[in-house]
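Worksheet: one structure, shown below.
The values are calculated or read from the model by the stated rules, or taken from the named source; none is laboratory data. In this text, all values refer to a predicted model and were calculated from it rather than measured experimentally. Backbone-built Cβ (ideal geometry, glycine too); neighbour counts: all protein chains shown. Side chains included, ligands, DNA and RNA excluded: accessible areas come from the protein's heavy atoms. Shrake-Rupley method; radii C 1.70, N 1.55, O 1.52, S 1.80 Å.
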Amino acid sequence: PEAAGIVFRAGFTKLVLVPLDATHQALVSLTQTRALRALGTPAGTAAADIIDYRINGYQTNQPTGVPETAPVHDALCIAYLVRPEVVSLRRVNCVIETKGEYTLGRTCVDHEFRTKREPNCDVALGADRELFVRLMTETFAQPHVSANKV
């Protein structure tokens, strides 16, 4: 949390946070991983294997509420870099709690602007699941995308 706190206090003019609020809206299903595998590319197969593993873990330990799905957190962040419209952003103030007894490491987002602190971060509050999966499918369908580069 200390490192995250430093980043949020650093005064960057462009800081984007893609939290679980967004990634859990871009769930990938077993049906979609079968489609990735059916692409017949090394990247499609590798992505399908990794996401299937995540889906199994979520089903076993922390079901998402949507059967046979799981979020793919880092991939959504990368998708934002390629197609920013894959997430919906809101400019707010964010701080990282580094001293709380019960909240150590928590990202505190002032959605209501109650603290009067200046907005310092664009936070993804939503995600376009269909666009996200389409981006992955289009990317991993390319024969030049190596599984070693995924």
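Odds and ends about this structure:
- Hey, G65 part of a loop (DSSP other than H, G, I, E, B) and either open to solvent by 70 Å² or more (accessible area, probe 1.4 Å) or over 22 Å from V16 (Cβ atoms) (or both) or not: yes
- Qualifying position, being under 18 Å from the mean Cα position of the chain (by Cα), under 22 Å from Q32 (Cβ atoms) and open to solvent by 50 Å² or more (accessible area, probe 1.4 Å), among V82, V133, V87: V82
- When we screen K99, K116 for residues that are on the phi > 0 side of the Ramachandran plot, out of contact with any Cys (no Cβ under 6 Å at 6 or more places or on another chain) and in a loop (DSSP other than H, G, I, E, B), the only hit is K116.
- Subset tally (residues that are modelled with pLDDT of 95 or more and either of a type in the set (V, I, T) or in a strand (DSSP E or B) (or both)) for region 8-35: 8
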